[in-house]
Structures are given as structure tokens and as C-alpha cells.
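All remarks here apply to the structure that follows.
The values are calculated or read from the model by the stated rules, or taken from the named source; none is laboratory data. Everything numeric here is computed off the predicted structure, so don't read it as measured data. Reconstructed Cβ throughout: ideal geometry from the backbone, glycine too, with neighbour counts over all protein chains shown.
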Amino acid sequence: MLNNSSILNWFRPSFNQLVFGERARLLFLLFVGLCLGACQPSIKTPQNTLVVGLEAPPLTLDPRLASDAYSSKITALLHNGLFRLNERMEIVQDLTESYEQTSSHHYKITLKKGVLFHDGHELTAEDVKYTESVLDPTLASPFKGTLSRIALITIKDPWNLEIELKEDFSPFLSALTMGIIQAGGSHPALGTGPFSLESMKPNEEIVLHRNEKYFQPLAKAKIEKIIFRIVTDDNLRILELKNHRLDLLQNNIPPMLLESLKKDGDLVVETTEGINMTYLGFNLQKGPLKSLEVRKAIAYALDIPALIEYRMGRLAKPATGILSPSHWAYEPEVTPYAFDPKKARELLDKSGYPDPDGLGPAPRFVITYKTSTKKDRIGLARLIARYLKDVGIEIRILPYEWGTFFHDINTGNFEMFSLTWVGVTEPDIYYYVFHSSQKPPEGANRGGFNDEVIDRLTTEGRRLQDRVKRKEVYKYIQKTLADELPIVPLWYEDNFAVFSKQVAGVRLRPNASFDWMTEVYKN
């Protein structure tokens, strides 16, 4: 049996082996890279180009379909919405010149004139109205549930339109941050953003070019090109950065390696608090995870602070829910689940899954845990499996390449998984993730959570216009979810970037977006 003290002692050697193993592989690759570099001319990125390493490709460049992190971040460079989030995560006007909310469910919007798509066509109200294509059932847009609140879009003239909602819907302006594409949708990557798509090689690279006719001259990108290169191996990405074939990596280096990279005189490491939340997700429709006692047992079996210290290099903080502590609707007073293996075993016994051989090797039951093929994600899965084994739960880890993994999660083909919610700023996320009507493709209720209280409260939260009243509703939503545990929140991740000292203008955003890339340049 492992108590709190012994589990930390058990954990340290495993972590040290992991760290030293990673460092050994990195040093080996660096040695090989230096040897090769001595035999051939050094290859450096062009002065007018920012080369960014990604561990996985975006799944789409269509803003109507962009639900994975890289799709959302890159489409935001190609497209503008009627509104956008500023650095303080506040909703501000983007393509909108002015707007008026004439009632709780009626909006008048005036567009900025002279805004050009990348092919030279001028943006008009017809393009905005085409946003309704999200509702096309053949498109299977994850934003269908949100924009289905629109009853009617009326075009008054090329730059003026009115939007009538079916009912009061307080998150509506947040929904209008989605990128606008040309009417017809024949080229969904064609937008009005600060960069245009120059070329794309699937699973290899995406090349963006500065939009020289960007409608906001003061916000015109300083760098001419951005190349996103897909490098799936962590160590190879670091080697490519150190050998000047990449300029920058953001949030895709094992945190435990950051300290060694800080000692590299050619590199800069920048960190800032973030709002991205990593969690364990469950299939609540079948098997042991249908049981609340089992889910609570899993929560008690995990030592989150230890995982943060040894897996995240202390670059995270324990999470209580999707919203981060910096959010106006965050509720700190929710049911806690401190590390308590004894309580976990008691709950498992109570749930009807007794340990068949006491503290022997036979498990109470087996759960499959799906994850991506990223080394840090597999490492996290292994450590979680070690904790759960101590309370009698056997975990079988199934790593898949990103596209297959994400498809399985969105189609309910899983028992347990881990993912990260990125850039959440609107509390209506709770409707999208936990309302019983929001199973994919309508929304992101991937586990099939069904709770009448949550359905009622999340519906009420999106109808209320008053922020004080909304906050009270979301307080009870967060308390209820902490009690029902459809997911187990793990931590809020800090954001970090490692980049060449030639790169300037990096200012990381709390939501880990790529918006700052319009400001970057090279010395």
C-alpha cells in the first residue's frame, strides 16, 4: 500500500528516470545535429519569416469547423469575426464599425467599409449572412448549437444588417467572434485576416503570407511570412529550434526541459499564467464510469500537486473546473478532492467493485485510456495509470495520432481520455459541454452527461443579460459539476514560448492564441 509519503518517494525515481531519459535523448540528438552541422553549412530561417514548430497539424482552416486548438489559432490569423477578444480577453469590435442592441434579442450591426478578402472582393453583409451556413446539417459544425439561436438575418444594405434571435441569448457577441468567410463558401480558408494562406502540405507545413491590404493599417503584420512546420517528435522539435531551423515553439515542449533550455544563450524562454484547463474525460454511458462513486474514487486517487510538480515542471495550478480563477464567473468554493487513496478504495468498494484479492495484483476492473501519441501525453497517462493501479483500477493506454484520437473522442468511441480546453472566456461553455442536448456534433458533451439541474441552469445562464445574476447561476453550475464529476479537472496550464533571440515582439496571450504573431519581427 502506498501512502502520501511513500507515493511521493515512489514517484520521484520514476520522474527522474523520465527526465534523465528525455535529456539523454535530447543530448544525443543535439550531438548528432552538431556533428552533421560541422559537415554542412548552417541552415537558418529567413529574416522575413517566422518558422513555428507544431506537434500536430490543424484539422481544418474553415472557421465554421475549427474546434481543435491549432485549427482555432491559425484560422484566427486568416479570418476576422464581427467581434474579437483583446489582450485582456474582453470582447471588442473587429469587422463591426458600430452596433446597437435594441432589445435583449435584437441587434443592429454596421460593417466597416473597404474590408477586402484576400482575393480582393469587398466584405458585405451578404458574407455575414452566410454565417447561417453553420446550421447546414451536412456541415456538422460544432458551433451549430450556438448559432441556431438566430431567427432571422435581414440585410438593409451592403454594410448594414439586423439580427433577430429566437430568444434572449447573453453569449451572442462571443458567438460573433467566429471568422467570416465569403458567401458561397467555396474557399473557406479565404478570409480578411492579417495573413493569407499561401500554401499547405498536409501533415508537413502551412505557409501564411502577410495581407498587404489589411483593413487595419496599424495592425498590419510586421513579419512577411509565417511557416507552421509539423514536427511530431518533441526532441526533434527542440533540436530544430537549437539548430535555427525553427524560430519558435509555444506550449509544445515537455515543461521539465525548459530549465535546461534557459541556459542556452541563443534562446529566450517566456512564461505567463494561462487559462487552458487539462482534464480527464469519461464515457458516462456504460461500464464502471457510469458510477459517481467510481469517478470520485478516481479523483481522490490522483495527487494533482505531485503531478504538476513532476510532470508539468510546476508550470500549472490545480484546477477546479473549466473556468480559470481569473474569470469573472469563477467559483472557488466547490467540493475538493484532495489526494486520499484510502477514501478512493472505500468508494470503489461501495460502488460494487470490491478488490478481488485485497491488495494483490488482480484489478477491480479495467478501463481503456485514449490519448494522443505526444510523449508528454503518454507520460501523463502512464503516471495516472500508476496512481489508479494503487487503488485497484487497471488502465490500458491506447495512444493514437491526433486526427484519429480526436475523431474517436467526438464520436464517443472511448472510456477515458485526457484533453485540454483552450482559451475559454465565455461561461456558456458549460452549456456546450454539459447540456444533454449538446452531444457531438451539436456540441461537446462527449461523455453523454445528462442532468436535469445542469440542463436548467445552463439554459438560464445563457438567457440572463445581467452579469451579477449570471454569475450566481454559474456559481451553482460549478458546484453541481464538482459534485457530479462528469470530468475530473487536473490543472490550469501556464503558457510558455521558447524562441530564437533574434525574434522580438512575443507577447503571449492568456488563451494561448497566436494573435501576437502580427506583432513579431526579427532583429
Exercise for the section: Could you list, in sequence order, all residues of the stretch 509-523 that are without any contact (Cβ under 8 Å) to a residue 60 or more places away in the chain and not in a loop (DSSP other than H, G, I, E, B)? Expected result: TRP516
Fill in the blank from the handout: Sole miss for LEU490 among (1) in a loop (DSSP other than H, G, I, E, B); (2) at pLDDT 95 or above; (3) surrounded by 22 or more Cβ atoms within 10 Å (Cβ to Cβ) is condition (1)
Exercise for the section: Please specify each residue of the stretch 140-176 satisfying the condition of being buried (at least 17 other Cβ atoms within 10 Å of the Cβ), assigned to a loop (DSSP other than H, G, I, E, B) and more than 21 Å from the chain's Cα centre (by Cα). Expected result: ARG149, TRP159, PHE169, SER170
Practice task
Considering every residue within the stretch 382-389, establish whether at least one is within 18 Å of GLY281 (Cα to Cα) and touching a Lys or Arg at 6+ places or on another chain (Cβ under 9 Å).
Solution key: yes
Exercise for the section: Can you confirm whether the stretch 366-389 contains a residue that is assigned by TED's automatic domain parsing to the domain that holds LEU292, in a loop (DSSP other than H, G, I, E, B), buried (at least 21 other Cβ atoms within 10 Å of the Cβ) and touching a residue at least 40 places away in the same chain (Cβ under 8 Å)? Expected result: no
Exercise for the section: For SER98, state whether it is part of a helix (DSSP H, G or I), assigned by TED's automatic domain parsing to the domain that holds ASP168 and surrounded by fewer than 22 Cβ atoms within 10 Å (Cβ to Cβ). Expected result: no
Problem - From the options GLY443, GLY412, GLY403, residue that is part of a helix (DSSP H, G or I), surrounded by fewer than 23 Cβ atoms within 10 Å (Cβ to Cβ) and of a type outside the set (Phe, Trp, Tyr) - result: GLY403
Practice task
Need at least 1 residues that are in the same structural domain as PRO363 (by TED's automatic domain parsing) and under 30 Å from GLU484 (Cα atoms) per element, so show me which helices (runs of 4 or more DSSP H) inside the stretch 210-322 make the cut, counting only ones lying wholly within it.
Solution key: 292-301, 304-311
Practice task
Output the residues belonging to the stretch 352-365 that are surrounded by fewer than 19 Cβ atoms within 10 Å (Cβ to Cβ), in contact (Cβ under 8 Å) with a residue 24 or more places away in the chain, in contact with an Asp or Glu (Cβ under 8 Å, 6 or more places away or on another chain) and part of a loop (DSSP other than H, G, I, E, B).
Solution key: ASP355, PRO363
Exercise for the section: Hey, could you check the stretch 52-104 for residues that are farther than 17 Å from PRO194 by Cα, over 15 Å from the mean Cα position of the chain (by Cα) and of a type in the set (D, E, K, R) and say which is modelled with the lowest pLDDT? Expected result: ARG88
